[in-house]
Structure formats: C-alpha cells, structure tokens
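The values are calculated or read from the model by the stated rules, or taken from the named source; none is laboratory data. The model shown is predicted, which means the values in this text are computed figures rather than measured ones. Because the Cβ atoms are built from the backbone with ideal geometry, glycine has one as well, and the counts that use them run over all protein chains shown.
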Amino acid sequence: LDEVQLAAVKSLWNNYEELDKRRSAILKSIEEQDKLSPELRSAIENCWQINRLEDLYLPYRPKRKTRASVARSKGLEPLALALMNLEQRDCLEMAGACIGQEVENTDQALSGARDIVAETVSENAQLRQIMRQIYQKDGVLTSLVQKGKEEDGIKYRNYFDYSEAITSMAPHRLLALLRAHNEGIVSIGLKPHPDNTPVAAMERMFIGQRKGIPSLHGPSSSLWQMEQALADGYRRLIHSSIENEVLNFYKEKADKESIKVFSENLRQLLLAPPLGQKRVLAIDPGFRT
C-alpha cells in the first residue's frame, strides 16, 4: 500500500472507532431510560451509518423544552394519538374534552396535539431516511444574491440567481457557491424537485389509502388535522436538518473529487521537463563519498 491508501485505511478506522464509541454511548443512554427493547438494541448494534444511528437515537435523546413537550405536560398526548390513528370522530369534540386549567379552548388543544404529532413524525427513523434519499436524489440547489452585496461579490456573479440539480452540479461549482454563501454574498437553499414533494411522501407513510375516505371534513376531521401537522413537521423540524446533512454530504464528496483532480494535475506538473523542450547539459563532478 502507498501512503495515500494507508491514509484512507487510517481514516476509515478512525471513523469506525468514532461510530463504535457513539453506538456505546447511545445504548447506555437509552438503557438508563429503561427504553431499550431487544429490537432497538439489534437495530443500533447492526447500524453502520452515523446518520442512521442518530435517527434511531433521536426519539430518546434528552430534549430541551419544545412545543411538543409543553403540549404533553398539558395532557394532550391522547388527543395527538387519536389524530395519528385518524379516528373517525369529531376532533372539536375530542379537543373539547381536553379543556381545563391549562388548555383554554379547542384551538389550543388541537394546536398542541399537532405539535406532538409533528415532533413524533420528525423523529421517525424510517421517514428521515426517506427524506434523505429524496433530497439526495431530487434536490435542487438555488442561490440568490444578498441585498447590497452585488459589488462585494462580483466574482460570484454567476451565482447571484442560480439553480441546478445537486446531482449534476460539478464539484468546483458547488464549492464556489458554498464559498459565496459562507462569505455572506448569496443565500442558498436545497429543496426537492416539485414533482417529488416530501410532504406527499409523509402523507403516503402516515395516512396512506385512508386519505380518500374521510367521514368528516375541515378542522373537525382528524385527516385535516394530520395533514396540517405533517406540513408543519416538515417545514419546522425536518427540512433544515436534512438540508444541512445533504449539503454536507455533497460538500465532502466535492472536496474529495477536487483534491483528486488537484493531485493529478500537480503530479503531471512535477513530472514535466523543467525547461520544456530545451536541452539541458549537466556535468557529473564525479565526487564519491
């Protein structure tokens, strides 16, 4: 093995060690919560991707105060479960039963229940993997110049109003666009193509065939409430994290490709004759030591 291959082996080994340490920490944390089922342990022990590992841990990770945790403290989790089960009952009536000292009206009850649904859905490991695949396969990266930055960022003028599928973006263009973003010249965003919307994928997973047969309509329908919760969960809790993950994935890929191209160009330069086609006369002084 040459030095490049040895460095790659070392990098893989370091990644494995970090993954194994993280796996042990996650197992310990969930076990201390007394929530480590045999199925979950098996899934964690057989997971070899850090993103997937973090997805499995997400529902059990200690959280700061969230809208969903506040709603749970008000006793709205049963209402949220009813929404997720798409129960064919009047949601306004179910919400009315939750009104009390901490819940003032049905709107507040349903809003809290939707917050719980949104957080629960956003922590689903299978859904996050589907979202990741959608962004990686159909993501479109767009950029727009920041107001007043046209002169400062003139060298990035090609990206003042730019859009391209991230799968077809050349590494040098992606890295240039990210530099422009880091320098505050442009704002960027990664979203899937409109033909493959994440919310539609979420509805297929959590609503499925039941969408076509509601017995109630509008806010009274658990289907309507569920659709609102899914849209909120995607916009508020899923999009940003998946967007950052996928951008980091493609940046790392672009970095590796750029280093490969640079190293090959440098190799050709170092192997080139120092004076081109000119003849060079050298004298061996014959010193021997």
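Out of curiosity, is Ser143 loosely packed, with under 15 Cβ neighbours inside 10 Å, of a type in the set (S, T, N, Q) and either closer than 24 Å to Glu257 by Cα or not assigned by TED's automatic domain parsing to the domain that holds Arg114 (or both)?
no
I'm told Ser122 meets every condition in (1) surrounded by fewer than 19 Cβ atoms within 10 Å (Cβ to Cβ); (2) touching a residue at least 60 places away in the same chain (Cβ under 8 Å) except one. Can you identify the failing condition by its number?
(1)
Restricting attention to helices (runs of 4 or more DSSP H) lying wholly within region 6-88, give those where 1 or more residues are within 23 Å of Glu203 (Cα to Cα) and out of contact with any Pro (no Cβ under 6 Å at 6 or more places or on another chain).
Qualifying helices (runs of 4 or more DSSP H): 50-57, 67-73, 77-84.
Give the residues of region 9-57 that are under 16 Å from Asn124 (Cα atoms) and either in the same structural domain as Glu119 (by TED's automatic domain parsing) or among the acidic types (Asp, Glu) (or both), sorted by residue number.
Within region 9-57, Glu39, Glu54, Asp55 qualify.
Among the helices (runs of 4 or more DSSP H) lying completely within region 168-269, list those that include at least 1 residues that are in contact (Cβ under 8 Å) with a residue 12 or more places away in the chain and within 23 Å of Arg52 (Cα to Cα).
Helices (runs of 4 or more DSSP H) meeting the threshold: 198-206, 222-233.
Which one is farthest from Leu174 (Cα to Cα), of the residues in region 255-289 that are small (Gly, Ala, Ser) and loosely packed, with under 10 Cβ neighbours inside 10 Å?
Applying the filter and picking the extreme gives Gly286.
Quick one: which residue in Arg67, Arg22, Arg89 is within 18 Å of Met226 (Cα to Cα) and under 22 Å from the mean Cα position of the chain (by Cα)?
Criteria check complete, one pass: Arg67.
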